[in-house]
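The values are calculated or read from the model by the stated rules, or taken from the named source; none is laboratory data. Since the structure is predicted, the reported quantities are computational estimates derived from the model, not experimental observations. Here the Cβ is made from the backbone with ideal geometry for all residues, glycine too, and neighbour counts use every protein chain on show. The accessibility values were calculated without ligands, DNA or RNA, using every heavy atom of the protein model including side chains. Shrake-Rupley method; radii C 1.70, N 1.55, O 1.52, S 1.80 Å.
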Amino acid sequence: MMTTRNLKWIAIIVPSLFLGAVIFLRDIFGGLEQPLFLELGLFAIVILGVSGFANWVFGIVDRREQEIQVRTRQLQALREAALALTTELELDAVLQKVVDLACELTAARYGALGVVDARGTAIQKFITYGIDRNMHEEIGMPPKGHGVLGLLIREGKSIRLGEIASHVESVGYPPAHPLMKTFLGVPIRWKGRSIGNLYLADKRGDPNAGDQPAEFNAHDQDLLEMFATQAAIAIENAKLYRQTQLLAILEERERFRMDLHDGIIQSIYGIGLTLENVQHGMEAEPKVATGQIDTAIKGLNEVIRDIRNYILDLKPERFQGRDLNSGFQELARDLRANSLIEVEVETDQLKARQISPEKALEILYIVREAFANIRKHSQATEVNVQMFHQDGEWRLVIADDGVGIDPQMIDNSPGQGLGNMRERARSLGGMFEIRPRNRRPGTEIQVRFPT
């Protein structure tokens, strides 16, 4: 590859050889000998011509080298700006960083980012650079998209002006707004639609020229257009991050709703049944009633602790540190005590210990909700719970001998219990099924999820 230094030598040698050849041929074919001073003068002219030609070439090469160096610095700055954008995820912070970096890349004294609405026709948000808070307050309302700013919104093409006031679309400035002379505007587009525009004004020029702003050049425009592409990616990424956060909040709210329904509300319901028994047995069996009151008080204290844990974003205490078998046995005791229903639990305790605490908690809530529905609606006398591993998956089966479930209620239940159980099964990566028992009275619930 030919270097600039080699090119400089070629620019000297080639013209010299050419002119030397001309003189040589003239001597051969001229036929007459020339005086010495004429020969020297001719040689001096050749040298001057070669030097002038070389300086002209050198000037072009030097300017080209300077342009390349400037372009390299700008591209390096663009790369660093793009990397800087990736450090932010909050949308407002990204928008501010976009306009700050745009001004740094182009040495603009003032800058703004106008985020447009969904139709791309009006400024929805206006973020600035170079204008302090006091000046913002004096200026008042942000621009609505008139004048040159509106032209950029309507046409969606870059605009570069040496004198803003001389443009036919210019509408002047509001009171207290700094006067701006030079302008560079570039649209920010994502998948063919406008999401905003970058507006820069008054490029910083030669310090020796005083406060007079310089004009933005074609390199500035190219650089800003490339940066606008990076900015669009960063802005959309921040929007997706915000949507993810909102989705996480909604999911957390849904989890709270299910946990409150399946946990605290069911606990309070059980305490209510206990107190009803106390009311009916206070006179006939005062000792039994006293024990039931103690049980109710203990249950209320657990509910209070659960509510406190929800506030602190913790899991309910009732099943903390419990394995599946002990959790099943506790739920079975509660159901027997509050309904006189016989409960039989069958689990593979050794394999069940392999289930993570998070999954175990979801399973216990499913069983708890199923027991609550059996107690309230089934009129059952027996319930059988089985938890076993088969064909590479876990199966939870809860069967009762009650009146059975109306098939129309399976998908159209007015309550939240069945929906909560389905959601919990889905969170396990599995499936939930409820149906009348085959050839026997009652209802069967089956949950299947992978190991």
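Among the numbered criteria (1) touching a helix residue (DSSP H, G or I) at 6+ places or on another chain (Cβ under 9 Å); (2) of a type in the set (D, E, K, R); (3) surrounded by fewer than 20 Cβ atoms within 10 Å (Cβ to Cβ), which one does ARG424 miss?
Result: ARG424 fails condition (3) only.
Failed condition for PHE183, given (1) open to solvent by 60 Å² or more (accessible area, probe 1.4 Å); (2) under 22 Å from LEU224 (Cα atoms); (3) aromatic (Phe, Trp, Tyr), with all others met?
Going through the list (1) open to solvent by 60 Å² or more (accessible area, probe 1.4 Å); (2) under 22 Å from LEU224 (Cα atoms); (3) aromatic (Phe, Trp, Tyr), PHE183 breaks only (1).
Can you list the helices (runs of 4 or more DSSP H) found entirely within the stretch 317-432 that contain at least 1 residues being at negative phi, touching a His at 6+ places or on another chain (Cβ under 9 Å) and in contact (Cβ under 8 Å) with a residue 12 or more places away in the chain? Even if it seems obvious, please write down each step before you answer.
Numbers: elements: 324-339, 349-352, 357-373, 407-411, 417-427.
Ranges flagged: 349-352, 357-373, 417-427.
Any residue at all in the stretch 158-172 that's of a type outside the set (A, V, I, L, M), in contact (Cβ under 8 Å) with a residue 24 or more places away in the chain and in contact with a strand residue (DSSP E or B) (Cβ under 7 Å, 6 or more places away or on another chain)?
Yes - at least one qualifying residue is present in the stretch 158-172.
Exactly one condition in (1) at pLDDT 90 or above; (2) out of contact with any Phe, Trp or Tyr (no Cβ under 9 Å at 6 or more places or on another chain) is false for LEU396; which is it?
(2)
Show the residue pairs that are 6+ apart or on different chains and have beta-carbon atoms under 6 Å apart, the first residue being within the stretch 286-307 and closer than 19 Å to SER339 by Cβ, the second being at pLDDT 75 or above and open to solvent by 70 Å² or more (accessible area, probe 1.4 Å).
ALA296/LEU275
At pLDDT below 80 and within 23 Å of LEU240 (Cα to Cα) - does that describe any residue in the stretch 127-136?
No, every residue in the stretch 127-136 fails to be at pLDDT below 80 and within 23 Å of LEU240 (Cα to Cα).
Going by the structure shown, is GLU163 modelled with pLDDT under 85 and surrounded by fewer than 18 Cβ atoms within 10 Å (Cβ to Cβ)? So that I can check it myself, show each step before the final result.
Working: modelled with pLDDT under 85: no; surrounded by fewer than 18 Cβ atoms within 10 Å (Cβ to Cβ): yes.
Answer is no for this residue.
Consider the stretch 318-339. How many of its residues are at pLDDT below 80 and open to solvent by 80 Å² or more (accessible area, probe 1.4 Å)?
Final tally of qualifying residues: 3.
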